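Presented below is the structure to which this report refers.
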Amino acid sequence: MNFKTLLVGLMLPTLGFAQEFQLVPQELANPDNVPAPCHPVPHERQILWNETEFYAFFHYGMNTFTGLEWGFGNEAESRYAPKAMPNPEQWVTSVKAAGMNGGIAVVKHHDGFCLWPTATTTHSIAKAGNEYGRTANIPKLFAEASQKHGMKYGFYISPWDRNSAHYGKDTYVTEVFLKQCEELAEFGSDQFEMWFDGARGGDGYYGGEGGNRDIDPEIYYDVPNLRARVHRIAPNCVMWGVGGEARWIGNESGYAGEGNWAMTDYMSETVVREEGDINGWFWNPGESDAKATNNGWFWHKGETMKSAERLFQMYLETVGRNATLILNCPPDEYGVLPEQTVNELVKLGRMLHERLAVPVYGLDETTAATDYAKTAKIEVSETRTGGKYAAANLTDGDKETYWGVNDGQLGATITLTWDKPQTVRYLMMQEPIKLGQRIKDFKIEYSEDGDKWTELCPVMETTTVGYKRIIPLNGKTSESYGNGYKAKQLRITILDSRACPLLSNLSVY
Ligand code: FUL
């Protein structure tokens with residue numbers, strides 16, 4: 001029954017009680033039969049963050065000029081002297097051409113040098129070695145460029161500060177770190193992520209005192225206060241790492257586990273980072289940080305780029321496995337992304353567009369991969385009652401609508417049929433994660449003639465889906481763009497799920 005309102009009331013005029021009764025309008029608790037959430041579920045800001053999918057990391061700062069990866073904290077401010085006016089707008093437009101949706105700029109690394117004129121320390125661009133350095137307020141320019149080009153943005157601020165005399169004492173947290181985070185939040189209330197690396201102290205300059213300062217990051221940085229103070233200014237800013245709202249994927253090589261849950265159990269070192277935890281009690285989705293270059297996080301002379309094909313593989317193994325990918329593209333001493341970086345990023349953008357129909361700035365729809373799911377006849381084993389969960393929702397391009405089955409069912413099949421066989425290489429699926437991550441086992445089969453079925457990628461772990469799963473149908477992420485399979489039919493069988501399975505999108509390329 002699907003009545004919006006039940007009018008409850010007994011009319012007993014014949015017994016003379018009419019004046020005793022009222023019509024009581026009563027809302028049905030769940031008129032549309034909306035599935036119950038399967039806990040834990042993400043916060044709204046975590047859903048928005050997930051939708052950013054693929055974004056850049058820009059490691060730039062004192063190390064770009066000293067040739068170091070980890071400055072000690074004693075570098076003279078004058079050594080920061082860009083050879084031209086740094087141009088964050090060029091960073092933003094270059095990564096937009098690669099199909100990225102935003103970026104995070106490193107504005108303070110472990111050396112403590114701040115790329116904005118902070119009130120908390122003199123170790124900043126205020127004392128830079130030249131006019132370019134002193135005038136280019138990097139977070140300000142980066143936020144403005146991102147807003148101008150419709151890109152999401154955020155900042156990396158190292159909690160570990162090898163320059164500060166306060167580091168290791170309470171005053172560092174109250175007078176330096178939290179205030180710096182607030183200063184950064186003020187560069188834009190619409191920022192999407194603040195990045196805190198995991199470094200937890202060690203040796204450093206520490207205002208000249210030197211020595212070792214070790215802290216316990218779970219207590220020292222006053223995370224509840226940190227979160228509250230940043231969210232007051234930038235409510236959708238996901239606090240990464242020590243902030244507890246998104247997790248490190250456990251490696252810096254650009255891959256997530258084939259099966260990957262957005263949940264983890266707790267925030268300690270024993271967290272299963274690459275795969276997450278099916279029984280995890282809090283939503284802590286994975287982000288993979290990886291380098292587009294071959295050596296450092298910062299640009300150093302002789303640095304080279306990975307090939308676009310290798311970067312495409314990383315994309316499949318991160319975005320395609322329910323993680324986000326933050327790909328490091330370091331600006332050079334001129335404050336721009338070097339030409340070879342820009343060229344490779346353009347190639348990557350084309351690949352993503354032509355193979356997976358990723359929207360890429362500057363490329364129009366005519367060159368995008370064809371989504372064969374849109375022209376298939378789609379049959380499902382069951383459709384959830386309630387009138388809102390039809391299979392058509394799988395291909396309507398609307399992230400809010402979804403198909404699903406009834407409560408109590410933990411499996412289902414979806415069969416796509418084409419008039420003529422189509423050459424297919426990738427399957428993309430998405431769960432409506434606001435209702436929790438549910439699917440835990442599935443298989444994919446195809447039929448060339450509509451009669452004989454063959455299982456695809458049987459050795460690949462086809463377990464989780466989550467926010468997004470992209471399966472190369474030949475089972476290989478490294479040589480995914482092969483000849484493809486001629487399919488008259490493609491069948492996805494969901495074998496097991498934590499609660500009735502739901503899917504918001506399904507594409508076949
Ligand atoms: C790590 C840092 O120690 C590296 O220098 C780099 O910034 C990387 C992304 O995070 O924790």
Checklist entry - Among 492-499, 469-476, how do they line up from the highest to the lowest mean number of other beta-carbon atoms within 10 Å? => result 469-476, 492-499
Checklist entry - Fewest first, what order do Glu209, Glu53, Glu344 take by the number of other Cβ atoms within 10 Å? => result Glu209, Glu53, Glu344
Item to check | Fully extended contour minus Cα-Cα distance, from Asp170 to Glu27, at 0.36 nm per residue | outcome: 46.1 nm
Next on the checklist: Based on alpha-carbon centroids, what's the gap between segment 177-209 and segment 387-428 in Å, whole number please?
Outcome noted: 44
Checklist outcome for this item: Quick P(r) readout (segment 362-499; Cα-Cα; 5 Å bins; whole %) gives 2, 9, 18, 23, 22, 15, 8, 3, 0, 0
Checklist outcome for this item: Ranking Asn483, Thr401, Thr415 by how far each Cα lies towards the positive end of the charge dipole of segment 372-508 (+1 on Lys and Arg Cβ, -1 on Asp and Glu Cβ), the top one is Thr401
Checklist entry - Where does helix 138-148 land angle-wise versus the long Cα axis of the chain, in degrees 0 to 90, nearest 10? => result 30
Checklist entry - On a 0 to 90 degree scale, rounded to 10, what angle separates helix 223-233 from the longest Cα axis of the chain? => result 80
Item to check | Theoretical FRET efficiency, 1/(1+(r/R0)^6), r = Cβ-Cβ of Asp222 and Thr423, R0 51 Å, to 0.05 | outcome: 0.35
Checklist entry - Using a simple spin-label model with points 7 Å from Cα along the Cα→Cβ vector, what separation in nm is obtained for Thr135 and Lys148? => result 1.5
Next on the checklist: Using a 7 Å offset from the Cα along the Cα-to-Cβ direction at both Lys476 and Arg200, what is the distance between the two label points in nm, to one decimal?
Outcome noted: 4.1
Checklist outcome for this item: For segment 236-312, whose charge dipole is built from +1 on Lys and Arg Cβ atoms and -1 on Asp and Glu Cβ atoms, the candidate among Thr304, Met263, Trp248 with its Cα farthest towards the positive end is Thr304
Checklist entry - Principal axis lengths of the chain from Cα atoms, whole Å, largest first? => result 90, 70, 41
Checklist outcome for this item: Length gained, Glu209-Glu309, 0.36 nm per residue minus C-alpha separation, equals 31.2 nm
Item to check | Size of electric dipole in the chain: Cβ of Lys, Arg +1 and of Asp, Glu -1, about Cα centre, debye, nearest 20 | outcome: 740
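Please give the length that would be gained between Val459 and Asp396 if that part of the chain were fully extended, namely 0.36 nm times their separation in residues minus their C-alpha to C-alpha distance (nm, one decimal). Before the final figure, lay out each step's value.
On the way: separation 63, 0.36 × 63 = 22.68 nm, distance 3.10 nm.
Here the answer is 19.6 nm.
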Checklist entry - Cα axis of helix 308-318 to longest principal axis of the chain: angle in degrees, 0 to 90, nearest 10? => result 60
Checklist entry - Under a point-charge model restricted to the Cβ atoms of Lys and Arg (+1) and Asp and Glu (-1), what is the dipole moment magnitude of segment 372-508 relative to its Cα centre, in debye to the nearest 20? => result 280
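All of the numbers you see were taken from the coordinates with simple rules; none came from a lab. Please read these numbers as outputs of a predicted model, since none were measured by experiment. Neighbour counts run over all protein chains shown; Cβ positions are idealised from the backbone, glycine included.
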